[in-house]
1. May I ask you to order 36-47, 188-199 by the average number of other C-beta atoms within 10 Å around their residues, highest value first?
2. Listing 209, 329 from the residue with the fewest other Cβ atoms within 10 Å to the one with the most, what is the order?
3. Pull up all non-local amide H partners of residue 323: gap of 5 or more, or a different chain, and H-to-H distance under 5 Å with H placed in the peptide plane.
4. For segment 241-365, what relative contact order do you get, as a whole percent, if you take Cα pairs closer than 8 Å and at least 6 residues apart?
Amino acid sequence: MSENRKPEDYFHLLAENTEEYIKNLKAGYVSTDKELSVAAVNKRMWRYIKVNARNSIFWLKFSLPFLTGGTLWIPYYPFNVMTDEGKIIVLTIIGIVSICLLRNTTLNLMKQPSKKDFFHLGAYEKYNKDEYSAFSQLISDPHFSFKKLKDDLKSPSVLKDSSLDEHKSFINDLKETIKQKNAELYNINSEMKELKAEIKEHQKNSDYVRENIEELENAIRSIEKEKEIYTKIVKNSHNNLQMFVNRNFSEDVLNDLQFDYMYSIYELQSDKSFKFVTCKGVNAHELPSNIKHSDKQNTIITANRRKGKVVFRDAEIVKAIPISDEKVVAVQLHLTDEQIDILNDDLNSLHKIAKIDIEATFRLFWICLLIQHSVDELKTQLKGAGNE
């Protein structure tokens, strides 16, 4: 049977059978709880006990005579004739063995991506080193999946035929990330309610519990900020694409694109200089109309030399984006003092999120510029056909 299979058939098998596995690994990768700690294991041990409540009750009943010194139900021999010291030793051994078995069972579940309620990327990395090494580069890319790769390979033209698919995939990935953030917020809020209920029930407020609550509150603020940024990107994406539709894909909309940053756009010329195209939020008269290739200190020229890498200098972040084989556009984001301070401070709580926002903004620019380029090409073709 395998002799009759085509290469694309193997891709189909790979995509269909690994989609859920890769999805679960990605969920673990984007989680804020990735470090394998005692607290992470204990949390899942308690979850395992709750899920298997019936078995837990059985073992509690079984061990009750031991715990009560053989005074309830039928006395266990020889436990009921042991000295107090002997009973303590046996109870200690039973307790240690029980905890070790429970811990091993929990760790086994934590390293399995299929066990969503227990899976933990730290356990997977520690106990499945070869698998983690094989998948780590893939799961760190939020846009990767074997199914997406299979679909992309079907596209005869990366530039034209996949531009809309790229846009849809990008937005769907962001929406999926927002759902994951909502799930994380729900879990953290539930955990915090349990801690507060424990304080109220036992009338205690230990430093450990207070620290746990404080960590959870910080995690909530961080996740909510990330979700806010992702939601804003999705909204900007929808508005920008809708703008092309509203104008029947017949007008230049670069001047009206919606982003969270002030920006300017330059286009590479045949003499390797960059010509000003448009800007928003900044005074066009204060920007150079043309940037010569010889101006090596200019951020745009530097970004073009670095072939697609983001260049951060002073109050500007620039990326040169290839739109086609002949066309390169440089997008320059102009930062406020507050944005500069956040990006220059690795310890700032918003530093990581700001970098994600900038990366997503350049990605969104790329999509819009691709669509605008396709619109311009279509207008040129229609004009040529009309002249004929």
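Values quoted throughout were computed directly from the atomic coordinates according to the rules given, and no laboratory measurement underlies them. The shown structure was predicted, so the numbers you read here are calculated from the model rather than taken from an experiment. Every residue, glycine among them, receives a Cβ derived from its backbone with ideal geometry; neighbour counts consider all protein chains shown.
1. 36-47, 188-199
2. 209, 329
3. Residues meeting the criterion, in which the H sits 1.01 Å from N, are 328, 329.
4. Averaging sequence separation for qualifying contacts and normalising by length gives 19 percent for segment 241-365.
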